[in-house]
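The values are calculated or read from the model by the stated rules, or taken from the named source; none is laboratory data. Since this is a predicted model, take the numbers as computed values, not measurements. Because the Cβ atoms are built from the backbone with ideal geometry, glycine has one as well, and the counts that use them run over all protein chains shown.
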Amino acid sequence: MVLSSESLVESYTRTLDCVHCGLCLPHCPTHQVLGVEADSPRGRIYLMRALAEGRIEEPESIRPFLDRCLDCRACETACPSGVRYGEILEATRAELERAQPKRGIAAWLTRTLLWHVVANQRRLRLMFWLLRTSEVLGLRWLATKLRLMPASMAQIAPPVPPASERRPLRTGVHKPPPGTKLRDVRVALFTGCVMEPMFGRVNRATLTVLLANGFEVHIPESQRCCGALLVHAGQPDRARTLANENVRAFADDDIVLNNSAGCGCAMKEYDHLLGTADGKAFAAKCQDISEFLATEGLTATPAEQPIRVAYDDPCHLCHGQGVTRQPRELLQQVPGIDLVSPTKSDDCCGSAGIYNMLQPKLAAEIGRTKAAHLHECAPDMIVTGNPGCMMQIDSHMRRSGHNVPVRHPIELLLPPQ
Amino acid sequence: MTSPAKSPNLERDLAQLLGRDRVLCTRDALLAWECDGFTVHKSRPRAVVLPESTAEVQAVIKLLHSANVPFVPRGAGTCLSGGPTASGNAVIIDCARMRKVIKISTEDLFAVVQPGVVNLNLTTEVTPYGLHYAPDPSSQSVCTIGGNLAENSGGPHCFKYGMTTDHVLAATIVLPDGEVVHLGSTTGPRTPHGIDVLGLFCGSEGTFGIATEITVRLCRNQQEVRTMLASFDSMSAACRSVGKIISAGLVPAALEILDQATIRAVEASIYRAGYPENAAAVLLVELDGPHEVVVEDAAEIATIFVAHDALKVEEATDPKERKRLWKGRKGAFGAMGRIDTDLYVLDGVVPRTKLEEALEKITEIGQRHRVNLTNVFHAGDGNLHPNISFDGRDKEATARTIAAGHEILQLCMDLGGSITGEHGIGTEKLDHVSMMFEPEDLEVMARVRAVFNPDDLCNPGKVLPQRNACAEVSKWPQMVAKVLDVEDTPQEPESTS
Ligand SMILES: Cc1cc2nc3c(=O)[nH]c(=O)nc-3n(C[C@H](O)[C@H](O)[C@H](O)COP(=O)(O)OP(=O)(O)OC[C@H]3O[C@@H](n4cnc5c(N)ncnc54)[C@H](O)[C@@H]3O)c2cc1C
Ligand code: SF4
Ligand code: SF4
């Protein structure tokens, strides 16, 4: 295998930042479960460095270890040497995929799903319509059988919401309702691919909260999927296509908000992905909804919630974007709330994009641990700011017999009806 | 050392014992285990196995012993002297999945753990009972109790509370021929009568067998803990105040010094602790005990700081603030990665009264060899950790690094100290052992080891130089020659498939 690509040379240089101290090990979910050095950040970095140095004879043989990585970035937060693990991993995955695209039905399905369905709103809607229809007809198992939905996803995905909740938000400019104190700031909203059909209510809540707090909201029609899943799957070229379209779609906006940690993290990394001035400028415009609202301050008091709420940090928010304080600050402003922090709230839940479909066993083990930690603090509700995490946590709470609603933080910021 | 016998089906036999998931023999992936924190010495293992119980370790060792295949125990691989590196195509017996806390006795104050239990996790587990496990290497969030036992590890608080050996009560050991023995006693002193064989095992660096269950002492948390941080505009002022604190009869729980380069690296990292970056050195002091005593001692120490022209003194009793002050110290090694690609952590000891002199000479040695040298150390014990940052891909720079290290260790001995305080000999200091011990001393050690490990199958090539080579005190460490030479490539393992 020839490893000549520029990004790989750069990622190789990044591997040299690792001094092999091991301080990242206890923070790595896969190492916690497996206890295998090659499944730890230190070990993976070592293997990726060896690969770049030409010391790996059969690159395919180290791939399973890299595939098992959640790309959760907990190791980056823990690393005193400042190793940029995500960049190394993504460049290496891309190179491996380029040199030898994965074969097999699962790989094909992944590629097809990611590019032809997830990244295509119309087809994605169609898939969700099919799923919903089959569910209504009691045919969820058939959907699984027909591979409309992989078995592992069937366990994770909560029931597809009814059409009324899946309806996309109207594109264009939304103005705050009359009587609202205007803030003289216009923001753009990135609506995301899965968030729309699966958690339409979150997007609706986001819009409502922004409007109620006096912000004008622009929802560009031509926006696309952020491309994060493609980057994780080692397909940066396709991700770049999407990224460039998003750069254009939001060209007229100064502030681009999102409510999905995974997308937000990926978009803040367009700088690195695209390597262009446009990419850099776009990345600088992106903010998580919680970052923005915490800085601007709430003017519309949220509705009262006299309940115990556990906040769980999505990896791509806390490790990927360093945002931990803001969501908590905002939630504290909900009247009556008893906000608690579960043990290891910044540990991955095992969702990690489509990881729970690709590595169901490991994801389930990680999910179980997460559910146990959450259950410990006896919450009435769990909140977390990423659709994948919401599904995974919900599924594992249900599977371990705890019926606790899982919500997005923004849903608790809705003003009284 | 005996050469590994040809046994093409070894991997298959191992898989039969543990299941295929817990036997790793993908040749390329095995590179991940080829070194510990001492990255200069690399050697790929033949296979890695992950047993989960004493019985499994025993079965694996019996198999390897009968096949005459060498093996190496491994914990978290944070050793800094090459201890868990698999010389001679050995099989690594990795204890990472032996991580159960088997028993906690809050009344008799002990815990029985499997060797792969992470040091800090044990303390976390017993915190609700107001207890902790005292030895606290800076790697405590990662390193294992098994590794600590094998290295007789120390840590900042060992100045007051003693090293690992002072906290290990009993252990179940699988000897290198597969026999299982129980050493020490769980309650009371380790060996009330008889020979303290477990004492010999402590610090044997994985060459006497594999510990599979370890009973350690738990300590009660002190009523009050106070952390003080003083910064100075010269290293010698920091060292002199340490001398003064100790000669005044005070016994802090910890006395740690970081130099300016270390402070700056730490402050640039996520372990940033708010150390003043203009200071030439910071001194971290921890006091613990009954409230009145701590308050009184803190006042006395503050006076000593003032008398030594401290630039700034901070004090914290709040756990969160204390954690912040410690954070920089704990992340110091890792933060060095910001300086260069590789790090050589030295571990020499000098009499406390010679700290200043030693540091001056070390700086001089560093300059002469043109290496990037920083210092962070356990000042209370005179245990120095000069860190040399270098680019391991540059053979010449690596050779200079090792040569400088060699001279520093020589210096420690000349000043009446030792070549290691806590990181062990491993392969790193094989060249230096003969500088420290007479041939007769080494012969006794070799004979003791032969009792435990007669066939030299358990962690071969560590701690003691080859017999007969002892007398040869080399001026220039052989390690340099090895590095400048082609790196020793591990033998081809037999493929299984
Ligand atoms: C950032 C950093 C800071 C450090 N700070 C300190 C410090 O303050 N004080 C200090 O003393 N050390 C320190 N060290 C060194 C290291 O952490 C210790 O030597 C530690 O005890 C090694 O534990 P481990 O679990 O990583 O063992 P490993 O590195 O895996 O192995 C160490 C040795 O123990 C043997 N071994 C492992 N498990 C067993 C077992 N079950 N039975 C028998 N033998 C076994 C191995 O063969 C090897 O020889 C530091 C290292 C790093 C990277
Ligand atoms: S913490 Fe950073 S430097 Fe240390 S082993 Fe992990 S990645 Fe490498
Ligand atoms: S990204 Fe997450 S799973 Fe991957 S190595 Fe880092 S901590 Fe482990």
The residue from A:Leu298, A:Leu257 that alone is in a loop (DSSP other than H, G, I, E, B) and more than 16 Å from ligand 1 (Cβ to nearest atom) is A:Leu298
Within the range B:123-138, of all residues that are part of a loop (DSSP other than H, G, I, E, B) and within 14 Å of chain A (Cβ to nearest Cβ), the one nearest to the chain's Cα centre (by Cα) is B:Pro137
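What helices (runs of 4 or more DSSP H) completely inside the range A:319-417 contain at least 1 residues that are at pLDDT below 90?
A:355-358, A:360-376, A:387-399
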The residue from A:Cys24, A:Cys28 that alone is within 16 Å of ligand 1 (Cβ to nearest atom), modelled with pLDDT of 95 or more and more than 10 Å from every other protein chain (Cβ to nearest Cβ) is A:Cys28
| field | Check on B:Ile61, closer than 18 Å to A:His31 by Cα, of a type in the set (Val, Ile, Thr), buried (at least 21 other Cβ atoms within 10 Å of the Cβ) and not assigned by TED's automatic domain parsing to the domain that holds B:Asn387 | value | no
Only one of (1) assigned to a loop (DSSP other than H, G, I, E, B); (2) modelled with pLDDT of 95 or more; (3) more than 14 Å from chain A (Cβ to nearest Cβ) does not apply to B:Pro115, and that is (3)
When every residue in the range A:49-84 that is under 22 Å from B:Leu24 (Cβ atoms) and in contact with a Cys (Cβ under 6 Å, 6 or more places away or on another chain) is compared, the one farthest from the other protein chains (Cβ to nearest Cβ) is A:Leu70
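Could you list all residues from the range B:33-48 that are over 14 Å from the mean Cα position of the chain (by Cα) and within 9 Å of chain A (Cβ to nearest Cβ)?
Going through the range B:33-48, the residues over 14 Å from the mean Cα position of the chain (by Cα) turn out to be B:33-35, B:39-48.
Within the range B:33-48, B:Trp33, B:Glu34, B:Cys35, B:Thr39, B:Val48 qualify.
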Being touching a residue at least 12 places away in the same chain (Cβ under 8 Å), on the phi < 0 side of the Ramachandran plot, in contact with a Ser or Thr (Cβ under 7 Å, 6 or more places away or on another chain) and within 16 Å of ligand 3 (Cβ to nearest atom) narrows B:Val117, B:Val142, B:Val174 down to just B:Val142
Going through (1) within 11 Å of ligand 2 (Cβ to nearest atom); (2) more than 7 Å from chain B (Cβ to nearest Cβ); (3) aromatic (Phe, Trp, Tyr) one by one, A:Tyr46 fails only at (2)
So the strands (runs of 3 or more DSSP E) completely within the range B:139-235 holding 2 or more residues that are buried (at least 24 other Cβ atoms within 10 Å of the Cβ) are B:168-174, B:210-217, B:224-232
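When the residues of the range A:216-234 are narrowed to those that are in contact with an Asp or Glu (Cβ under 8 Å, 6 or more places away or on another chain) and over 11 Å from A:Leu273 (Cα atoms), which ends up surrounded by the fewest Cβ atoms within 10 Å (Cβ to Cβ)?
My answer is A:Ser222.
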